[in-house]
Every structure is written in C-alpha cells, then in structure tokens.
1. State all residues of segment 46-60 that are of a type outside the set (D, E, K, R) and within 11 Å of the chain's Cα centre (by Cα); if no residue qualifies, say none.
2. Pick from segment 25-34 the residues that are surrounded by 15 or more Cβ atoms within 10 Å (Cβ to Cβ) and out of contact with any Leu (no Cβ under 9 Å at 6 or more places or on another chain): which of them is farthest from GLY5 (Cα to Cα)?
3. Tell me yes or no: at least one residue of segment 44-64 is of a type in the set (Phe, Trp, Tyr) and either in contact (Cβ under 8 Å) with a residue 12 or more places away in the chain or loosely packed, with under 15 Cβ neighbours inside 10 Å (or both).
4. Of (1) over 10 Å from ALA7 (Cα atoms); (2) in contact with a Leu (Cβ under 7 Å, 6 or more places away or on another chain), THR47 satisfies all except one. Which?
5. Which residues, counting only those in segment 1-43, are within 11 Å of LEU55 (Cα to Cα), touching a residue at least 40 places away in the same chain (Cβ under 8 Å) and not small (Gly, Ala, Ser)?
6. Among the residues of segment 1-24, write down those that are open to solvent by less than 60 Å² (accessible area, probe 1.4 Å) and not hydrophobic (A, V, I, L, M, F, W, C).
7. So LYS67 clears everything in (1) open to solvent by 70 Å² or more (accessible area, probe 1.4 Å); (2) out of contact with any strand residue (DSSP E or B) (no Cβ under 8 Å at 6 or more places or on another chain) except one condition, right? Which one?
Amino acid sequence: MIEYGKAVRVGRAFAGITQTELARRIGKDASYISRIEAERRSPSLATLEKIAAALSLEVYQLLRLGKRLE
C-alpha cells in the first residue's frame, strides 16, 4: 500500500522545502499539502504529477518514498 502523505512528506524533506514552498510551486495553499501529509486527503494523479515535478522527481520515484514495508 502506498501512503501518499508519507511520500509527499519524505520527498519534501529530501528537497529541503517547506509545505508553503511546495504549495506555491504547485499552485495550492499550504493547508492542502498539510492535509495530504496527514493522510486526510488523497491527491489526484494530476496533483501527484505537479508535486513530483516540484520536487524534481518522477511520479514513480515519489510513490516509492511512500511505499509501506509489509
């Protein structure tokens, strides 16, 4: 199972940017990023593509960051 919030949080930390900066880069507000990271909102594929691009990653790389070990 992929944890989108974890993927975004880890990717953002790896890039060294804040929620506010990531939100600015994708045209959303910081509360939207916060809800994704808290697993209270699931991003659409289009949003995942924007987030990955903002973090200089491909979508598959971003999703690997959120893959839960089972």
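The values are calculated or read from the model by the stated rules, or taken from the named source; none is laboratory data. Just so it is clear, the model here is predicted, and its values are computed rather than measured. Please note: Cβ atoms are built from the backbone with ideal geometry, for glycine as well, and neighbour counts cover all protein chains shown. Keep in mind that these areas ignore ligands, DNA and RNA; they rest on the heavy atoms of the full protein, side chains included. Shrake-Rupley method; radii C 1.70, N 1.55, O 1.52, S 1.80 Å.
1. The answer is THR47, LEU48, ILE51, ALA52, ALA53, ALA54, LEU55, LEU57, VAL59.
2. Only one residue fits best here, namely ILE26.
3. Yes.
4. Going through (1) over 10 Å from ALA7 (Cα atoms); (2) in contact with a Leu (Cβ under 7 Å, 6 or more places away or on another chain) one by one, THR47 breaks only (2).
5. VAL8, VAL10, ARG12, PHE14
6. Hits for segment 1-24 are GLU3, GLY5, GLY11, ARG12, GLN19, GLU21.
7. (2)
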